[in-house]
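Worksheet: the structure to be examined is printed underneath.
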Amino acid sequence: MKCALTFVCITAMFLPVKLTAETGHDAWLRYAYINDTVAREGYADLPAVVVGFANSPVIVSAREELIRGFRGMLGRTLRAASTLPNEPAIVLATISDLRAALPGAPRIAPLAEDGFQIIRTGRELIVTGTNDRGVLYGVFALLRAIELQWSESELNIREEPYAPVRWVNEWDNLDGTIERGYGGRSIFFENDNVRADLGPVRDYARLLASLGINGCAINNVNANPRVVSAEFLPQLARIAEIFRAWGIRLAVSVDFSSPQRIGGLDTFDPLDSRVATWWKTKVGEIYRAVPDLGGFVVKADSEGRLGPSAYKRTHADAANVIARALAPHHGLIFYRGFVYDHHMDWRNLKNDRARAAYDNFIKLDGTFADNVLVQIKHGPIDFQVREPASPLFGALEKTNEAIELQITQEYFGQARQVVFLIPMWKEALDFDLHAHGAGTPVKALAAGKTFNRPSGGFVGVSNVGLDANWFGNDMSQANLYGFGRLAWNPNLTSEQIIDEWTRLTFSQGPEVVKTINSVQLSSWRTFENYTGPLGLQTLTDIVGNHFGVAVEASERNGWGQWHRADEQGVGMDRTVATGTGYIGQYRPPVAKMYESLTECPDELLLFMHHVPYTHVLHSGKTVIQQIYDAHYDGAAAAARYVKEWESLNGRVDEPRYLAILAHLQYQAGAAELWRDAVNTWFLRTSGIPDRTGRAGSFPGRHEAEAMKLTGYSVVDVKPWEAASGSKAASCTAPPCAARMRYDGTAGWYDLYVRYFDQNDGVSRYRLLVGSQLIDEWTAADRFPTRRIDSSSSTRRIAAGVALRPGDEIRIEGVPDGPETAALDYIEIHQATK
Ligand code: GCV
């Protein structure tokens, strides 16, 4: 990290300043005023005029952004000019324009497309690039450097993107909902049309451009064919125009059966000439409306979507018929490698969903057109908490690839929990697949470097929404930031990325930076610890909302996310020797490591092998003990995050401080729920006790079903591990109350009330000790379930309550509509404060 700070300026900088309330909408582009005079004065010599040598929309955006940034950070409003003034200037120009306008400017060594260079000459500050986009990216890099307080001499920056393709996908439906989106409704669509107000799209495009993202597919891969119907095209053109000003190419997801569904043909057979003609005509029509369309994304023969198998054709047949139509317009087709059978027979131990992408695509290597990219999820299953890198990256030698990373936290707490995904992606991107001898990391394969492919790169599934902070959680923005930074330069470290992000998004204050960086950097491991250690995959409700805990939801169905835990052992045997043979899809050095029980890394053990619970890990612990311990470690870390965040009270603006605090408090409760559910499940199934005695023992806990109930009835919760004691008290005959007598010693206590907040009502709760009201609250959070289960389970803590032996503790619940003010338990702990 470059920084030109002296001790004096550090001290001056962190004197208390009044923090302005923020919504999070500007994310890392806040351009907060640099309070430190010394640091600010460091930029005093920068020119006062900005000249944009072209009036293209992208150069105009660059110029306006520079003005905005200077005004915010330095309190100076640059003068805009279109010709060189008689004074020093900041010059924004492509390399070719620069040569013409400023013949004396230094020579720029050749740069890759979209690359840029910033040069501080004695007089000028030049921001130049191979194209307009490069200039814009240069401006963003300059502004970032100023916000990070690099010294003026460090502003000579030269960068090129690692890969040509740096796209995001949005899974927005035309009705305004978003599949796996957690930040509100669509910024693009509403009531089957493009939204009238596209202000948020403009703001989003700006964020994307600041990271070097150059393409965005705006609709769900489970595509509505209407998106390319004639009446919709003018609407798409409105979005394309906004994107264009930020160097972003619009793209859409198309339904492979469109020739039949909207084209009036009786077929969508890719080898039928009428279908080829239909795609050609349709593509021509789209390019008339959007001349710079980036291309299409296609999900076919996957999760019920129609595809070439309907006609016994191959994926190459399918991709190529569309690719041929796009090629004259320089359009790309991203054909998704996420193809698998979700009706597999789980009883057949040789079946394996992890094999599917490779098995489906390897035989087609070399048969895809040059403007096709096979878009491959980073792991072989589906964004689980820990997966190995997909072997397909290393197997395709004559096919363009793009790696698909999921920014939206579908399996990661759905933005209710803090999980910084960059360390996970880094592991995948840096993993050497030995595709061409050693030294072929996934990032080089995906970018097309290893096999000299004409195209390749990175795709992030982002799914932002209309919430002011885009994701529903300010901390989740770090994943979009990190995705963009890695797509530009995958050699950045997680530490560099989070450090930039925190400083730009929150502040330069050392306590803020240290605390947020440390929470974010440890959060993936923390989440893994309590949701799926050792390569078990995420033990969530995989056939439902992917949110709460449900250990067996993956089993006994055709979806193929099996972990095969039973009384004897746990894990998928994917070995060549005795299992599904998946490991054989890797090149020999990698296969050898995974095949061997002794060489396989612990964190992927149960992804690769089925072992008894007593199997001893490299760490010296047994598998079962590691499962127990990981859950306690994860829950303890999540609880610590709350305390650590509380230390930032007053150092982060209040709205964001409180919103993040609420998420972390929820997360700490959720981690405890997962810990107890998973550990109890494994304890009961394996029959092997936790050698520390923690699993299955819940000090201070009083089950609701064991309390004296009025109006409440006891119900079984499913799956059984989703509630403590597998039961809850549900208010069926109000007024409802649950009472217990406190018989412990007198003192100060924290009371943890675990209750269920379904999403179809707003129940009310009151907590009383004797006749004194201690706390009251409503169950009005947004959880993805109507049921009493682990997804609706949450907790309220009443801290610092004085209890005496004989006190009556009473919870009153007032149901609302179908929501039944349900209760799981109360726990009484020594007060922590
Ligand atoms: C858009 C997973 C998700 C689906 C998603 C699918 C895909 O199965 O749960 O919501 O569909 O992946 O990537 O196509």
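Listing for the model above:
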{"read-out": "C-alpha center-to-center spacing [the stretch 474-535, the stretch 735-752] in angstrom", "value": "40"}
{"read-out": "Computed FRET value (nearest 0.05) for THR493 with THR267, which takes r as the C-beta separation and R₀ as 56 Å", "value": "0.65"}
{"read-out": "Whole-Hz ³J(HN,Hα) from phi, Karplus 6.51 cos²θ - 1.76 cosθ + 1.60, for the stretch 176-192, glycine and proline x", "value": "x, 7, 10, 5, 6, x, 10, x, x, 7, 4, 7, 9, 10, 7, 6, 6"}
{"read-out": "Inter-part distance where the stretch 556-593 and the stretch 787-833 are each reduced to a Cα centre, Å", "value": "42"}
{"read-out": "Nearby aspartates and glutamates by direct alpha-carbon distance to LYS398 (threshold 19 angstrom, same-chain neighbours under 8 apart not counted)", "value": "ASP317, ASP359, ASP365, ASP370, ASP432"}
{"read-out": "Gap separating the Cα centres of the stretch 618-676 and the stretch 240-312, nearest whole Å", "value": "45"}
{"read-out": "Theoretical gain in end-to-end length, ASP317 to ARG804 [0.36 nm per residue, Cα-Cα removed]", "value": "167.7 nm"}
{"read-out": "Cβ-based net charge around ASP255, under 10 Å, with every Lys or Arg adding one and every Asp or Glu removing one", "value": "+4"}
{"read-out": "The stretch 150-238: chymotrypsin sites (Phe, Trp or Tyr not before Pro) in DSSP loop, at most 15 other beta carbons within 10 Å", "value": "none"}
{"read-out": "Stretch gain in nm, segment TRP748-THR277, where the contour uses 0.36 nm per residue and the Cα spacing is subtracted", "value": "161.8 nm"}
{"read-out": "Computed E for ALA831/HIS618 - FRET, C-beta separation, R0 25 angstrom, nearest 0.05", "value": "0.05"}
{"read-out": "Nearest 10 degrees, 0 to 90: helix 233-244 Cα axis against the chain principal axis", "value": "80"}
{"read-out": "The chain: Rg to Rh, with Rh as the Kirkwood radius over Cα pairs", "value": "0.99"}
{"read-out": "Cα pair distances of the stretch 705-804 binned at 10 Å [whole percent]", "value": "14, 44, 34, 7"}
{"read-out": "Radius ratio Rg over Rh of the stretch 278-347, counting only Cα atoms, Kirkwood formula for Rh", "value": "1.08"}
{"read-out": "Label-to-label distance, nm, for residues given as SER96 and PHE698 (7 Å Cα→Cβ offset)", "value": "7.0"}
{"read-out": "Spacing of the two label points (7 Å from each Cα toward its C-beta) at ARG158 and GLU776, in nm", "value": "6.9"}
{"read-out": "When each of LYS363/LYS443; LYS350/LYS727; LYS449/LYS514 is checked by Cα-Cα distance, pairs over 28 Å", "value": "LYS350/LYS727; LYS449/LYS514"}
{"read-out": "Cα→Cβ-extended label distance, 7 Å offset, between GLU603 and GLU646, nm", "value": "3.0"}
{"read-out": "Cα Rg, Dmax, the stretch 304-393, angstrom units", "value": "14.4, 49"}
{"read-out": "Among 558-569, 131-142, the order from most to least packed when residues are scored by Cβ within 10 Å on average", "value": "131-142, 558-569"}
{"read-out": "Relative contact order (%) - criterion: Cα under 8 Å, at least six apart; region: the stretch 588-694", "value": "25"}
{"read-out": "Ranked by how many other beta carbons lie within 10 Å on average, peptides 76-84, 363-371, 546-554 from highest", "value": "546-554, 363-371, 76-84"}
{"read-out": "Full-extension gain in nm, ARG739 to ASN55, via 0.36 nm per residue minus C-alpha separation", "value": "239.0 nm"}
{"read-out": "Under 11 Å, Cβ to Cβ, from ASN473 - net charge with Lys/Arg +1 and Asp/Glu -1", "value": "0"}
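Every number here is computed from the coordinates shown, using simple stated rules; none is lab data. What you see is a predicted model; the values in this text were computed from it and never measured. Reconstructed Cβ throughout: ideal geometry from the backbone, glycine too, with neighbour counts over all protein chains shown.
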